[in-house]
Amino acid sequence: MPGLPIDPIVYLLLNFHCLMGGVAAVIAARKGYRLGLWLGLGLVGGTAALIAAIFLPPKPQKIDP
C-alpha cells in the first residue's frame, strides 16, 4: 500500500474540526437549544460554531402552573 491519498495532518485536522463541532452541539444543548440543529452547524462550522455556542445565552425555562 503506497500510503494515504492525502497528507495525514489533513485527516487529523478534519477529526479535530468535527470534535469541536460535537462539543459545540453539546454546549448548545445544555443551554436549551436543539441538539440536532447544533450538531449539523457544528460539523460544518467547527470552531465558529464552538465560539457561537459558548456565547449563546441560555434559553429561559418554561414553568408550568
Problem - Count of region 1-46 residues which are at positive phi and touching a Pro at 6+ places or on another chain (Cβ under 9 Å) - result: 1
Fill in the blank from the handout: Of the residues in region 22-49, those that are among the β-branched types (Val, Ile, Thr) and within 20 Å of residue 62 (Cα to Cα) come to 27
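The numbers here are math on the coordinates, done by the rules we state, and not lab data. These figures come from a predicted structure and were not determined experimentally. All Cβ positions, glycine included, derive from the backbone under ideal geometry; neighbour counts span all protein chains shown.
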